[in-house]
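What follows is a set of notes on a single structure, which appears directly below.
What follows draws every value from the coordinates through simple rules; no lab data is involved. Given the structure is predicted, the values throughout are model-derived calculations rather than measurements. In this analysis, Cβ positions are derived from the backbone assuming ideal geometry, glycine residues included, and neighbour counts consider all displayed protein chains.
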Amino acid sequence: MSFMTFFVYIGTIAFAISGGLIGIKKQLDVFGVILLGLTTALAGGVIRDIMLGYIPPTNLADPQYFLVSLLSCIMTILFYEKIKRFNNHMVLFDAIGLASFTAVGANAALMQDYTQPFLVISMGLVTGIGGGVLRDVFVKEIPLVFRKEIYGVASITGSIVLLVTYQTIPTVLSLYLCLFTTFVIRMLAVKWQWNIPVVHRKTSQVK
Amino acid sequence: MSFMTFFVYIGTIAFAISGGLIGIKKQLDVFGVILLGLTTALAGGVIRDIMLGYIPPTNLADPQYFLVSLLSCIMTILFYEKIKRFNNHMVLFDAIGLASFTAVGANAALMQDYTQPFLVISMGLVTGIGGGVLRDVFVKEIPLVFRKEIYGVASITGSIVLLVTYQTIPTVLSLYLCLFTTFVIRMLAVKWQWNIPVVHRKTSQVK
Amino acid sequence: MSFMTFFVYIGTIAFAISGGLIGIKKQLDVFGVILLGLTTALAGGVIRDIMLGYIPPTNLADPQYFLVSLLSCIMTILFYEKIKRFNNHMVLFDAIGLASFTAVGANAALMQDYTQPFLVISMGLVTGIGGGVLRDVFVKEIPLVFRKEIYGVASITGSIVLLVTYQTIPTVLSLYLCLFTTFVIRMLAVKWQWNIPVVHRKTSQVK
């Protein structure tokens, strides 16, 4: 699964940078920026591992993702202006992150022989969005995934593709299909600015 | 314990609707509304299970509560105006939710042979209020349970009744006493607008 | 390790009071003030125990820290004005809390034979700051540790000292060195108002 690992690294970097950028924008100190970046990159996997019984969580026990995240945060601080201008490409890397984290998260459930669809989909989703949700909570924003664009939906669709295919084709192939589906849906949503509609309500009636 | 299960379903529906309603009010998109409703209905039990070592958490492993919550959220979106007018009755269902979640949560500790009172009461409380606390955090509100009315206190009193009685009477009976106590205290608090006093302080001295 | 326990009690009291004070300032009701104080004092250890597989978490299973925290919260409510004037000394006790929680948290990892540095440091940090982070999230503040002064850095440095020394000197001694280092760095930071710099950015470019 070494090619998958490559995508997970790209995702980790993208998530760490996104946390770092928001930390800088919110005027956190250097330590806060790094802590926020690490949280964004690592927390989704930690929560998933806790829910699946991988103790201690892989992202805390194996230092490689921590090191990559730390380096990404430091780079973000040193080259803030440059990375910010790079923002359009960030969407691409973030989509790779969402897609690879979803595949790895859903697979973590399957590897424990948990095949119940809702659980598998949840684990993909928690891994993919958990870090970003915590990032937004820590800087007092309503988490992005609740508000904007096809983000969670891309992850869920990817996991469904995994669930439908993994018993008929090799698991590795199935995981790449999951990654690919999540990535494509997310990128199309960004490109064509798909948004899920907001529920209509008569504003005048609202307290 | 099938009658208890019935109450838990009512509570799950009430919590999912409460999350959905707040999500709509906060202008979340359809996916966000559903995610918030699911969180409100399922997260308390998930956190409790993690703390007690039920892995994976029941609310993720068994799809029935998820399905009921999902349906409730969809209904909330489709019939928003009607359900909103129904709001007075929601307090009743929410109280059933608090009461049944408390009983089930405290019982989950006892079933693992954890009889330490603080742990049993905590598990009742976490199950009863955990989902609502996350719901409020996600939409940037100070969780209701910190601010208003006899909510947590009702859950704690219910669990104390359970602890006092479960060794002398059949556990099922004891659980219903817990449920009943929590429910009655909560409803009386709503009816007579009991509130716990806010701590007095001299405002002028406050920075 | 009874002297360490003494420091942990002081830390627990300091953290419970800090949660209580902020709860009062935020106009929570009496129950909310107590719940916030308990969260501040106990949650860091609970999260650490969940991550390390101590189930149920010690702070929930053993009532002594709960009772000390509860008493501290009640005292804070009864003697609010007096304790508030005592605020300067609170910084001292809070530093003892950070230091002792760090030592105990890092040690909890070592006691499970997890010696991977990032994990040990994380567990010290999560124990030391976890409660405060939740406290701030619940009252809608960006957690202090992200924003101000050498707080997390003191904890991390303490854990590094522990890691460097614990194989060459008796563990107890190593833990006191960790505590001492964390405490001194934190107090010096307060005394000389050390702050980690905020990342520079050109404000005009910010959206």
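From the gyration tensor of the Cα coordinates in chain A, what semi-axes in whole Å does the equivalent ellipsoid have, largest first, with each one equal to sqrt(5λ)?
Working: eigenvalues 134, 104, 54 Å².
They are 26, 23, 16 Å, listed from largest to smallest.
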*Model label zone, C:Leu173; criterion: amide N under 18 Å from point 7 Å along Cα-to-beta-carbon; scope the range C:92-136*: none
*Consider just the alpha-carbon atoms of the range A:1-115 and return their Rg together with their Dmax, both in angstrom.*
14.4, 46
*Highest-fluctuation residue, B:Thr102, B:Thr12, B:Thr115 considered, GNM on chain B with Cα pairs under 10 Å*: B:Thr115
*What's the exposure ranking of A:Glu141, A:Glu81, going from fewest to most Cβ atoms within 10 Å?*
A:Glu81, A:Glu141
*Other protein chain Cβ atoms within 10 Å, averaged over every residue that makes up C:182-190*: 0
*Using a Gaussian network model of chain A whose springs link C-alpha atoms within less than 10 Å, name the residue from A:Ile160, A:Ile129, A:Ile96 with the highest mean-square fluctuation.*
A:Ile160
_Label geometry 7 Å along the beta-carbon vector: C:Trp194 inter-copy distances in nm_ = 5.1, 5.1
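If contacts are Cα pairs under 8 angstrom and at least 6 residues apart, what is the relative contact order of chain B in percent?
Once normalised by length, the contact order is 22 percent.
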_Rounded to two decimal places and with Rh computed the Kirkwood way over Cα pairs, what is Rg over Rh for the protein assembly as shown?_
0.95
*How far is it, in nm, from the label point at C:Trp192 to the one at B:His89 when both lie 7 Å from their Cα along the line to the Cβ?*
6.8 nm
*Given springs between every Cα pair under 10 Å in a Gaussian network model of chain A, which of A:Leu52, A:Leu125, A:Leu42 has the largest fluctuation?*
A:Leu52
*At 0.36 nm per residue, minus the direct Cα-Cα distance, what do C:Met111 and C:Phe180 gain on full extension? Give it in nm, one decimal, please.*
22.8 nm
*So what is the 222 nm mean residue ellipticity for chain A from helices alone, if each DSSP H run of at least 4 adds -39500 (n - 2.57) and you divide by all residues, rounding to the nearest 500 deg cm²/dmol?*
-25500 deg cm²/dmol
*Note the distances from B:Leu71 to each other copy's matching label point, with points 7 Å along the Cα-to-beta-carbon direction, in nm, sorted shortest first.*
5.1, 5.1
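Starting with the fewest neighbours, write out B:Met51, A:Met75 ranked by other beta-carbon atoms found within 10 Å of each beta-carbon. Don't skip to the answer; put the middle values down first.
Working: B:Met51 26, A:Met75 17.
With the sparsest Cβ surroundings first, the list reads A:Met75, B:Met51.
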*Which pairs break 31 Å Cα to Cα here: A:Lys26/C:Lys84; B:Lys148/C:Lys84; A:Lys148/C:Lys84; B:Lys26/C:Lys26; B:Lys191/C:Lys26; A:Lys84/B:Lys148?*
A:Lys148/C:Lys84; A:Lys84/B:Lys148
*Compute the longest continuous run of chain A that contains no exposed chymotrypsin sites (Phe, Trp or Tyr not before Pro); treat a site as exposed when its DSSP state is not H, G, I, E or B and it has at most 14 other Cβ atoms within 10 Å.*
A:87-191
*From other protein chains only, count the Cβ atoms within 10 Å of every residue's Cβ in B:135-144, then give the mean.*
5
*In nm, to one decimal, how far is the modelled label at B:Lys82 from the one at A:Lys25, with both set 7 Å along Cα→Cβ?*
4.1 nm
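Taking the Cα centre of the protein assembly as shown as origin, work out the dipole magnitude from +1 charges on Lys and Arg Cβ and -1 charges on Asp and Glu Cβ, in debye rounded to 20. Before the final figure, lay out each step's value.
Values: 45 positive and 27 negative charges, 524 e Å.
The dipole of the protein assembly as shown has a size of about 2520 debye.
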*Taking the Cβ of each residue in A:Arg85, B:Arg147, A:Arg135 as the centre, tally the other Cβ atoms inside 10 Å and list the residues starting with the fewest.*
A:Arg85, B:Arg147, A:Arg135
*Place the label 7 angstrom along Cα→C-beta at A:Glu141 and in each other copy, then list the distances from the first to the rest in nm, shortest first.*
2.2, 2.2
